[in-house]
Every structure is written in C-alpha cells, then in structure tokens.
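Scroll down for the structure; my scribbles are underneath it.
The values are calculated or read from the model by the stated rules, or taken from the named source; none is laboratory data. Computed from a prediction, not measured in an experiment: that's the story for all the values here. Quick reminder, even Gly has a Cβ in these numbers, built from the backbone with ideal geometry, and neighbours come from all protein chains shown.
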Amino acid sequence: MQAIPAAGVTKDADWIADTFDGVIKDVTHNKPSRLTGITLDNTKANRAALQQLEERHPQLIGLGCQAHGLSLLIKDLAKDKILIVGKTLDRSVVLINSVNACEKLRTLVQD
C-alpha cells in the first residue's frame with residue numbers, strides 16, 4: 001500500500017485516472033493486462049476516472065463501491081419523503097393481522 005501526496009492538487013477525473021494508471025502499472029510491473037478490476041468511490045470524478053481507465057485498459061472492469069452505493073440507498077429510503085412507505089407497510093401488517101385473527105375467530109365459531 002502506498003500513499004500518494006495530493007496537497008494542492010485538484011482531484012479531478014484526469015488526475016485520478018493518471019494517478020491510478022501509475023499505480024496499476026506499478027502493481028502489475030508495467031503489465032496492466034494482468035489486472036482485471038478496480039474499485040473506486042462513487043463520486044462523479046471517480047466514475048469519470050473509471051471510464052478513462054477502462055478506455056486505456058480494455059480488460060479492466062471498473063466498479064463503484066457497492067457498500068457506498070447501498071449506504072446511499074438506505075439513506076435515501078430513510079428520508080422523510082419515504083416514511084410514508086413505512087407507515088403504509090405498518091398499517092398493512094395491522095390489517096393483515098386483523099384479517100387473519102378474524103378468520104381464526106370464524107373458524108373457532110364454526111367448529
């Protein structure tokens with residue numbers, strides 16, 4: 001693992017792609033075809049950098065971080081505008097339980 005100094009640098013897609021291209025060449029001993037995939041965070045600059053890296057190295061599969069993507073999805077689902085879904089689900093469960101209880105009562109009475 002190595003740290004790459006980035007003080008005073010604009011970390012745009014070009015810089016990220018160039019930096020990772022150097023890392024790829026270093027790690028693969030200048031044979032990038034040995035590497036099949038790379039994962040970066042899901043920022044706009046990182047996604048653009050992944051696209052550049054895939055163009056430079058056609059065998060490369062670039063993936064955004066799935067854990068980060070799931071985290072963002074969960075945060076979106078937890079927002080106030082989505083709470084109505086949770087309330088609707090809760091009310092549906094109550095209704096289903098009531099109907100199930102009604103059927104049990106009906107069965108008991110009929111026996």
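The table that follows gives values for the structure above.
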{"item": "Enumeration of residues in segment 55-69 that are in a helix (DSSP H, G or I) and either at pLDDT 85 or above or in contact with a Leu (Cβ under 8 Å, 6 or more places away or on another chain) (or both)", "result": "55, 56"}
{"item": "Which listed residue, of 13, 45, is surrounded by 11 or more Cβ atoms within 10 Å (Cβ to Cβ), touching a Phe, Trp or Tyr at 6+ places or on another chain (Cβ under 9 Å) and modelled with pLDDT of 90 or more", "result": "45"}
{"item": "Per-region count, segment 37-61, residues in contact with an Asp or Glu (Cβ under 7 Å, 6 or more places away or on another chain) and under 13 Å from residue 16 (Cα atoms)", "result": "2"}
{"item": "Complete set of residues in segment 28-42 that are exposed (fewer than 14 other Cβ atoms within 10 Å of the Cβ) and more than 27 Å from residue 72 (Cα to Cα)", "result": "28, 29, 30, 31, 33, 34"}
